[in-house]
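One structure below.
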Amino acid sequence: METTTSPAPAVPDRDTLIRLLRCTGKEEEELYARSRELRDRTIGNGVYMRGLIEISNLCIKDCLYCGIRRSNRQARRYDLSDDAILSAAAFAHRNRYGSVVLQGGERQDEAFIARIERLLQKIKQLSQGTLGITLSLGEQTEETYLRWREAGAHRYLLRIETSDESLYRRIHPDNPRHDFHTRLACVRTLQRCGYQTGTGVMIGLPFQTVENLADDLLFLRDMDIDMVGMGPYLEHRETPLWTERHRLLPPRERLRLGLHMIACLRLLMPDINIAATTALQAIEPAGREKALEIGANVIMPNVTPLTNRADYQLYENKPGMDEGAEESTRKLMESVRQSGCEIQLDTWGDSPHFSRKAPVRRPEASNAQAQKPTR
């Protein structure tokens, strides 16, 4: 795509964001071109690989939109063995991904916390300290976050799904386990613990407005987030929110809105990491590639064993259910090249935004690892 200077200001205000989220035609093309140009000029066109390991779909939460919610009796539950998780991490290491992501349903029991701590240490051992590790394991105490940080994790993704408290309450059960302010406090705690901190939102939820999404973007900026994973809301029939599907935009409109969100966020925060998420691909096979073309810079090939991959269904029609890790890697690397970006192997791909911040409190045991970007 030919680079064009957008008429939008370098740092859009709320009214401008609302307009850009709705734009079409030439203005949309200019938005995408400006976003890509700003990414390339600020952090380059490199794309970082994160091997996604979906370790378990056991969850204590009951979010109204999620296919692995605790009350879904139709979900086939699983918990990967340590050997399976370490084997997936070893695959990522051999294939020079640079990083892995351990993602799973939320749990807060000591057995789970201790197990993650051991797995982090073992992944560091098998890769001689060279694999970067991101966790996406929900709300925890500061003590737990610090334990995992000391064991080797240095990035953490905790999606808030929406920055609007009233909307948050409409998509979560009304009980203390699903508290909006607790979620936000955990994001701040992660930052205080020295993690590269990521969050994200769902795009196209029932009851959600474009104004909500503009506020989400400003929230991400004001929270000084280092990395973002966000994508279109996709429904699941075994959830309470399924009954509100008549309120949804058509999938293609949710995809378009998701791409606009990525482009607008890049204008607001030029030096953060932005993922091209699987939800984009679920609507259109080339959805992730389109995100890379307009400003995203992270992809997460799924390296979860095929025997369990279909069981981690946050939404329906999840892509790649019959695609092995090697095939997924090959296809993704080819799609990155087709998007005009360059694959960055053997590197953690830390967020430049995080690196430019003033030093924060970090556990000494992991500080040296956190500063090592390549192997």
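The values are calculated or read from the model by the stated rules, or taken from the named source; none is laboratory data. Because the structure is predicted, anything quoted here is derived from the model rather than measured. Note that we place each Cβ from the backbone using ideal geometry, even for glycine, and neighbour counts take in every protein chain shown. Keep in mind that these areas ignore ligands, DNA and RNA; they rest on the heavy atoms of the full protein, side chains included. Shrake-Rupley method; radii C 1.70, N 1.55, O 1.52, S 1.80 Å.
The table below lists the values:
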quantity	calculated
For residue 133, distant residues with modelled amide H under 5 Å away	100, 154, 155
Exposure rank, largest accessible area first [346, 226; 1.4 Å]	346, 226
Expected-Rg normalisation [2.2 N^0.38 Å, Cα atoms] applied to the range 212-261	1.36
Share of carbon and sulfur in the accessible heavy-atom surface of the chain [1.4 Å probe, %]	47 percent
Magnitude of the charge dipole, the chain, Cβ model with Lys/Arg +1 and Asp/Glu -1, debye to 20	460 debye
Dipole of the range 65-126 [Lys/Arg +1, Asp/Glu -1 at C-beta], most positive-end residue of 86, 67, 120	67
3J(HN,Hα) from dihedral phi, the range 62-70, Karplus parametrisation 6.51/-1.76/1.60, rounded to Hz, x for glycine, proline	10, 4, 6, 10, 9, x, 9, 4, 4
Scattering curve values for the range 1-110, log₁₀ I(q)/I(0), Debye with Cα scatterers, q = 0.10, 0.21, 0.22 Å⁻¹	-0.60, -0.99, -1.05
Distance between the range 143-193 and the range 53-95 - C-alpha centres, whole angstrom	19 Å
Fluctuation leader among 301, 251, 285 - the chain, Gaussian network, Cα springs under 10 angstrom	285
Heavy-atom accessible area ranking, 1.4 Å probe, most first, across 243, 134	243, 134
Dimensions (Å) - the range 196-312, Cα atoms, principal axes, largest first	37, 35, 24
Antiparallel bridge percentage (DSSP; both residues within the chain; nearest 5)	5 percent
Long-range HN-HN contacts of residue 47 with modeled amide H, under 5 Å	342, 343, 344
The chain: relative contact order in percent, alpha carbon pairs under 8 Å with at least 6 residues between	24 percent
Where labels lie 7 Å past Cα in the beta-carbon direction, separation of residue 253 and residue 126 in nm	4.6 nm
Cα lying deepest toward the dipole's positive end in the range 1-118, options 24, 11, 111, charges on Cβ	111
Cα-centre dipole for the range 59-218 with unit charges at Cβ (Lys and Arg positive, Asp and Glu negative), debye to 20	600 debye
Any cysteine of the chain lacking a neighbouring Cys Cβ under 4.7 Å - listed by number	23, 59, 186, 193, 264, 341
Descending semi-axes in Å of the chain, equivalent ellipsoid built from Cα gyration tensor	28, 25, 21
Leading residue at positive end of dipole, the chain (Cβ point charges), from 268, 336, 193	193
Cα-based Rg of the range 286-325 normalised by 2.2 N^0.38 Å, two decimals	1.33
For the range 64-180, alpha-carbon Rg relative to the globular expectation (2.2 N^0.38 Å, N residues)	1.19
Heavy-atom accessible area per residue - the chain, 1.4 Å, Å²	40 Å²
